[in-house]
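Have a look at the structure below, then the notes.
The values are calculated or read from the model by the stated rules, or taken from the named source; none is laboratory data. These numbers were taken from a predicted model, which means no experiment stands behind them. Methodologically, a virtual Cβ is constructed for each residue, glycine included, from the backbone with ideal geometry; neighbour enumeration extends over all protein chains shown. Keep in mind that these areas ignore ligands, DNA and RNA; they rest on the heavy atoms of the full protein, side chains included. Shrake-Rupley method; radii C 1.70, N 1.55, O 1.52, S 1.80 Å.
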Amino acid sequence: MSIAASAKSPTADAPIAQVISPEIRRASTSICAAVLPRPLVRGKFIFVGDEKFYVRGVTYGAFHPDASGHEYHDLDVIERDFAQMAANGINAVRIPHTTPPRSLLDVAQRHGLRVMVGLSAEQYVGFLVDRKKEMAEIEALIRGRVRECAGHPALLCYALGNEIPAPMARWLGRPKIERYLKRLCRVVKDEDPDGLVTYVNYPTTEYFQLPFLDLVCFNVYLESPARFEAYLGRLQNIAGDRPLIMSELGLDGLRNGDDVQAQSLDWQVRTAFATGCAGVFVFSWTDEWYRHGHDVEDWAFGLTRADRSSKPALEVVQEAFADVPFAPSLPWPRISVVVCTYNGARTIRDCFEGLRRLAYPDYEVIVVDDGSTDETAAIARHYDCRLIRTENRGLASARNTGLKAATGEIVAYLDDDAYPDPHWLTYLAARFLSTSHAAVGGPNLAPPGDGPIAECVARAPGGPVHVLLTDSEAEHIPGCNMAFRKTCLEAIGGFDPQFRTAGDDVDACWRLKERGWTLGFSAAAMVWHHRRNSVRTYWKQQIGYGRAEAMLERKWPEKYNGPGHVRWTGRIYGSVLTCALRWRRARVYHGIWGVAPYQSLYEPAPSLLASLPQMPEWYLMIAMLVALSALSFVWSPIKLLLPVLVIAALPPLAQACVSAMRASFPDTRSDRGARMKRRLLTAALHLLQPLARLRGRLREGLTPWRCRGTVQPAPLWPVTSSMWSERYKAQEQRLDVLKATLREEAACVLLGGEHDRWDLEVRGGFFGAARLLMGVEDHGGGQLVRLRCWPYVPTRGPVLTVGFAALSLGALHDDAWPAAAVLGLVALLSAVRTLEQCGAAMATITRGLRRLMDERA
């Protein structure tokens, strides 16, 4: 049945059977034009004015065209359909395959519906191969379609295209498709600068990287709730800081039955919103469908039948839409929001205003004023919160004060320079209700309007980021947006007070994971976090982070490598601000013959060589090369180091420039000079950040020449010992006891890998360590435990020693005594430090073994 035919023969089951008069249409248009402001993207969600707009939509069409080829030609049928949609809680319509006439948008406006306008760019991809049309012609076609709809009050967004076929994407290649869509996106923005733009993707071309889009849309059909939820988690991480919309989901009622269709749509819609989607379009409004010159009659995805009579799915979807984002009947736990502040008067008012707008039924706000000397306390007294004033004891102590005062099951921490999304607590609580996580965190986004310096800082390294093990489980959640089960946080003793400005969140996460608990991540539990708005404050912040790294390394040495860098297991969430220089290309998994239903882009992990220019110690090496180059005044051959100095300085410069050029800024319409200034500042911050971290690390003692443990007389050769135990234990148990004993000695203990011929390594520092091997013999009356330990010298120590010694001998040969003395001293110090660190590591193992023998383990 065509859309025209259904207009002439409505059934008695149709909820609306009369045609609205032209007078009512005109009156409705004038009213709705004033009450439908244009939608905006704010982080992970869409807003209309100050109200969050959850897209509760359906797809509409394609239908049988009239003789002139117009698909949406019968406005009376459209009027009835849109009225029926609005009556059932639907607020958006997606026109997927044809750009609708403006008259359809007028009808949508009268009924308070928003329209996703399809521009059908996928239809012209083949022209890129055959050259039947030049790109300029395709742009002209898209431009004309945008002009037809530009600025209309009912417009939700433009969809550049719908599911470019995977074989064509594979034929043309990912970069060419991405450039094609980017050019068309610019065309849309030129014609309608305030219009939102998206592209409707699907799992088979998931690998497209389209950072220029305002919204991320995917068509996903999965019939397993667990797999659907897991895939939505992946899509949320692909979307990053942008809204994710399910542009199609549904189930065929013809093959599965109307009741099964209704049940499936119920959990699909609810799961989509529960995982943080900004909207859903159910496929489709009606069973009437027309494609490729024929009426499609062998499936029934519609919420209504072809005659517009309701199916069970319509009622189910209406109820699910009414509960967005969650059903109010959920047993919401009480949450205590703790805001710790020190002289935060400049930003804390935004924080309070955001907390006042929270849409959560049971929460309290506790403000811990950690000895502020500004107007922070006076501002807090104007809001509904519990104010606790203390002496200045540091951030971790203030967080513990808030923990003791909290009455909620969940304790959520928010910085005084951050403010939450209205549903922040809702998404946090939902993740706690559905999992056993001890803690949950969410993204923190830089708010617009903080100024050009803050925008550049937001795109510079060193900001608070999540480290994810999976799409929904975290290894670390930053302190500006984190929540804990109160019992779990109390079980680990709260936060460590030694961390006065930073590092307490990392330490708490590691202690929770040490207990066997897990950390969760909710992409929708977002807060807006002001970035530093001056280079000076950014510099001071990064110095503080460097000091925190040094403190964490002392407490958790096993979490760090030899040079003193955290060995994260997971990956950074969202867009990578610092682009590592890569030698290997990303690969797309296509499957055999390119027929895999889910095709992903796999980025190679950054190699050590690529990561070196981002490390603070790289700058220390450059400084050392500069100092050595100064010796060229007394020994000319040292000038040969100048090319090495240039080569060492190039990677950080290249990395900073690449990162700055790839950074995207919110105001794309600013003049070229302003854009260039922001990129130059962003590049400068990329170079400045490792220097600031280096200064903080050196101040706090995290140096390449640091020595762990006390240097005591200890053998610098392999030592074998044994001990007898009358108690039988597995070798793994004995190694665990030995590891715990060594860590009680404040040792940095590492475990051997699957292919290593050693069991434990005690690190003495950057230059030296000691290793231990255990063997257990079972006898009638007990066990004989054999132990062997020996010094271990990484190659970097001998390389430095031999290299500087060779340079010293060369200078000595040329009678350049000052240069020979300096170079020889450096070689000597390197050798001495290697011996010291190996000796300290051997002494630590010796003390640990002695304790075990004394306890007769």
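At-a-glance table
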item: Extreme residue, positive dipole direction of the chain, given options 159, 691, 462 (C-beta unit charges); result: 691
item: Formal net charge of residues neighbouring residue 198 (Cβ-Cβ distance under 12 Å; K, R +1; D, E -1); result: +1
item: In Hz, Karplus ³J(HN,Hα) per residue of region 439-454 (6.51, -1.76, 1.60; θ = phi - 60°; x = Gly, Pro); result: 8, 9, x, x, x, 10, 10, 6, x, x, x, 7, x, x, 5, 4
item: Interchain or long-range residues, amide H under 5 Å from residue 277's placed H; result: none
item: Derived scalar couplings ³J(HN,Hα) [region 195-200; Karplus, 6.51 cos²θ - 1.76 cosθ + 1.60; whole Hz; x for Gly, Pro]; result: x, 7, 10, 9, 9, 8
item: Stokes-Einstein diffusion coefficient of region 741-797, Kirkwood radius over Cα pairs, 37 °C, 0.692 mPa s, in µm²/s; result: 257
item: Per-residue ³J(HN,Hα) for region 487-499, Karplus 6.51 cos²θ - 1.76 cosθ + 1.60, θ = phi - 60°, Hz, x for Gly and Pro; result: 4, 5, 5, 5, 5, 9, x, x, 8, 7, x, 5, 8
item: [x] -0.41, -0.55, -0.70, -0.84; [y] -0.36, -0.51, -0.68, -0.85; [z] -0.45, -0.62, -0.78, -0.93, with the label sought being that of the calculated log10 I(q)/I(0) by the Debye sum over Cα atoms at q = 0.05, 0.06, 0.07, 0.08 Å⁻¹; result: [y]
item: Dipole moment magnitude, nearest 20 debye, region 327-429 about Cα centre, only Lys, Arg, Asp, Glu C-beta charged; result: 220
item: Within the chain: Cβ-based charge dipole about Cα centre, in debye rounded to nearest 20 (Lys, Arg +1; Asp, Glu -1); result: 3060
item: Rounded accessible area of residue 260 (nearest 10 Å², 1.4 Å probe); result: 70
item: Low-density loop positions, GluC sites (Glu not before Pro), region 665-772 - DSSP coil, at most 15 other Cβ in 10 Å; result: 726, 754
item: Region 752-848: trypsin sites (Lys or Arg not before Pro) in DSSP coil with no more than 15 other Cβ atoms inside 10 Å; result: 757
item: Charge dipole (the chain, unit charges on Cβ, about Cα centre) - positive-most of 711, 586, 443; result: 711
item: Low-density loop positions, GluC sites (Glu not before Pro), region 105-202 - DSSP coil, at most 11 other Cβ in 10 Å; result: 134
item: Check: region 717-834 dipole with +1 on Lys, Arg Cβ and -1 on Asp, Glu Cβ, in debye; result: 120
item: Length added when fully stretched, residue 143-residue 296, from 0.36 nm per residue minus Cα-Cα; result: 52.0 nm
item: Charge dipole of the chain about the Cα centre (unit charges at C-beta), most positive-ward option of 403, 226, 135; result: 403
item: The chain, accessible surface, carbon-and-sulfur percent (1.4 angstrom probe); result: 56
item: Estimated [θ] at 222 nm from DSSP helical runs (n ≥ 4, -39500 (n - 2.57)) normalised by residues in the chain, nearest 500; result: -13000 deg cm²/dmol
